[in-house]
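Trainee: Quick one: the structure is below, and I'll ask about it shortly.
The values are calculated or read from the model by the stated rules, or taken from the named source; none is laboratory data. Remember, it's a predicted structure, so these values are computed and weren't measured experimentally. Every residue, glycine as well, gets a Cβ built from its backbone with ideal geometry; the counts of neighbours run over all protein chains shown.
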Amino acid sequence: MVHLEYSVEEPLNREPELPTLVSSFITPTSYAYDRNHGPIPHIDASTHRITVSGHVQKELSLSVEDLKALPQKTVICALQCAGNRRHTMRTKLKEVNGVDWFDGAVMNCRWRGPLLLDVISLAGISLPESELPHAHITFSSHQTPCQDDSYYGASLPLPRALSPSSSILLALEMNDAPLTPNHGAPVRVITPGIAGARSVKWLDKIEVSLKESPNYYQQHDYKILPPEAKDKESAEQWWGKVDAIMDMPVNSVVAVPGSGERVERGEDGCIEVRGYALPSGTDGPVVKVEVSGDGGETWTEAAILERQEEEVMGAELKWAWSLWRARVRVESGEGRRVLSRAVDSKGNTQAECPEWNYRGVAYNGYGEATGLHVV
């Protein structure tokens, strides 16, 4: 019997304080944000099974030990809720529909487990080659009911899901320790560079399919609807026309100082500003962050902080965040504002203010701290 913690009516959704979040390149598990659509199941890893079915040559029922016996890969990547920074879109543009996330619904962690590619290779794919570009890999968790469906599901296009360069994992470990229940124990999907909604926790079913997951959270959520979709009623006609979010956009956030704080200038007339930056999808790492203390009139290039070798351990960093620091000249007085913008290795540049969307997802307007009292 699976023990459930929290409830469908009041799932656990929380984010850390920003100064805490940017204190470490690898986000400690205890600082990692929580996003749930229902209770947290506590699952017995010794009896848990993951089935692989659909258009496969051989259906599988794998134990956690079976997954451990496969070659293990380590990936360092940022895992970000599609609704990260929704509060800014809500307050800067206009009202949106969704959990009121500030800027902390992101974590940068070390994940370890077998590649999805290796697991699917064990089953074999039974589709003709002509069908492969149009196929999907679906992921499901039936361990707990959700607010809008009886289970949680997501999917990825098969070519991307099984590309060796995608490094899609069935993660068993987070930060060199077994997954905790709130982060998907005993096994979860990790989709580097892709919105966190596709990184299904408490995984129990994988399917090779000719269709996307039919689940509510793939079909009626986590999509960037056009501005014409202004409310629940007008959005209804768009859900089936708009693709599910995959890659998250390039982004940056000012973590220190926080909005409304009193900040002292140094003798150089500058204040210290710190934050994080994220690349677009697989286009990392971030190569430049700029910070402005005068509303965008002038910009100062921030220093991207070096990662310690023991943090990186030879892993790729194209999906990881970058922490940055800058000293920026700001005039003394109240109501001051500091902005940030980022550029990744493929030249994707953070927008000053992206277009509004009904669900408030994928917001990547300039990072900012407002209402500063600079003395």
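Trainee: Would you mention how many residues in the range 344-368 are farther than 13 Å from HIS87 by Cα and of a type in the set (A, V, I, L, M)?
Mentor: Of all residues in the range 344-368, those farther than 13 Å from HIS87 by Cα come to 344-355, 366.
Imposing the further condition that a residue be of a type in the set (A, V, I, L, M) reduces the set to 351.
Going through the range 344-368 one residue at a time, the tally reaches 1.
Trainee: Hey, another quick one. Which one of SER155, SER140, SER167 is polar (S, T, N, Q) and either under 21 Å from VAL312 (Cβ atoms) or surrounded by fewer than 18 Cβ atoms within 10 Å (Cβ to Cβ) (or both)? Full working, then the answer.
Mentor: Working: SER155 fails: either under 21 Å from VAL312 (Cβ atoms) or surrounded by fewer than 18 Cβ atoms within 10 Å (Cβ to Cβ) (or both); SER140 fails: either under 21 Å from VAL312 (Cβ atoms) or surrounded by fewer than 18 Cβ atoms within 10 Å (Cβ to Cβ) (or both).
Answer to the check: SER167.
Trainee: Further, regarding this structure: Can you name the residue in the range 17-44 that is of a type in the set (Ser, Thr, Tyr) and part of a loop (DSSP other than H, G, I, E, B) and is also farthest from SER322 (Cα to Cα) among such residues? Quick ask: steps written out before the conclusion?
Mentor: Applying the first criterion (of a type in the set (Ser, Thr, Tyr)) to the range 17-44 yields 20, 23-24, 27, 29-31, 33.
If we keep only those that are part of a loop (DSSP other than H, G, I, E, B) too, we end up with 23-24, 27, 33.
Working: SER23: 12, SER24: 10, THR27: 12, TYR33: 18 Å.
The extreme case among them is TYR33.
Trainee: Next up: Quick check on VAL187: is it within 29 Å of ARG110 (Cα to Cα) and of a type in the set (Val, Ile, Thr)? Outline the logic, then answer.
Mentor: Details: within 29 Å of ARG110 (Cα to Cα): yes; of a type in the set (Val, Ile, Thr): yes.
Criteria met by VAL187.
Trainee: A further question on this structure: Looking at the range 329-339, which of its residues are touching a strand residue (DSSP E or B) at 6+ places or on another chain (Cβ under 6 Å) and part of a loop (DSSP other than H, G, I, E, B)?
Mentor: Within the range 329-339, VAL330, SER332 qualify.
Trainee: Please find, among SER30, SER61, SER24, SER7, the residue that is surrounded by fewer than 19 Cβ atoms within 10 Å (Cβ to Cβ) and in contact with an Asp or Glu (Cβ under 9 Å, 6 or more places away or on another chain).
Mentor: It is SER24.
Trainee: Is it true that some residue in the range 87-105 is in a strand (DSSP E or B) and either assigned by TED's automatic domain parsing to the domain that holds GLU212 or over 22 Å from the mean Cα position of the chain (by Cα) (or both)? Write out each step before concluding.
Mentor: Step one: filter the range 87-105 for residues in a strand (DSSP E or B), giving none.
No; the residues of the range 87-105 include none that is in a strand (DSSP E or B) and either assigned by TED's automatic domain parsing to the domain that holds GLU212 or over 22 Å from the mean Cα position of the chain (by Cα) (or both).
Trainee: Next question, about the same structure. Kindly establish whether TRP202 is of a type in the set (Phe, Trp, Tyr) and surrounded by fewer than 20 Cβ atoms within 10 Å (Cβ to Cβ).
Mentor: No, not satisfied.
Trainee: Now a separate question. Restricting to the range 340-367, count the residues that are of a type in the set (Lys, Arg) and either part of a loop (DSSP other than H, G, I, E, B) or exposed (fewer than 15 other Cβ atoms within 10 Å of the Cβ) (or both). Talk me through it step by step, then tell me what you get.
Mentor: So in the range 340-367, the residues of a type in the set (Lys, Arg) come out as 341, 346, 359.
Narrowing further to those that are either part of a loop (DSSP other than H, G, I, E, B) or exposed (fewer than 15 other Cβ atoms within 10 Å of the Cβ) (or both): 346, 359.
Result for the range 340-367: 2.
Trainee: Next question. Taking the stated definitions as given, is LYS73 over 27 Å from ARG359 (Cβ atoms) and not small (Gly, Ala, Ser)?
Mentor: Considered against the rule, which asks whether it is over 27 Å from ARG359 (Cβ atoms) and not small (Gly, Ala, Ser), LYS73 comes out as yes.
Trainee: With the range 121-216 as the region, which strands (runs of 3 or more DSSP E) entirely inside it contain at least 1 residues that are touching a Lys or Arg at 6+ places or on another chain (Cβ under 9 Å) and within 30 Å of VAL286 (Cβ to Cβ)?
Mentor: Fully inside the range 121-216 and qualifying: 136-141, 152-157, 169-171, 188-190.
Trainee: Before we move on, is ASP204 charged (D, E, K, R) and under 18 Å from the mean Cα position of the chain (by Cα)?
Mentor: No; evaluated as a whole, the condition is false for this residue.
Trainee: Here's something else I'd like to know. Could you list, in sequence order, the residues of the range 45-85 that are assigned to a loop (DSSP other than H, G, I, E, B), of a type outside the set (A, V, I, L, M) and either in contact (Cβ under 8 Å) with a residue 24 or more places away in the chain or on the phi > 0 side of the Ramachandran plot (or both)?
Mentor: Residues satisfying the conditions are HIS48, HIS55, GLN57, LYS58, GLU59, PRO71, GLN72, CYS81, GLY83, ASN84, ARG85.
Trainee: So is ALA135 of a type in the set (A, V, I, L, M) and crowded, with 19+ Cβ neighbours inside 10 Å or not? Steps first, please.
Mentor: Values: of a type in the set (A, V, I, L, M): yes; crowded, with 19+ Cβ neighbours inside 10 Å: yes.
Yes.
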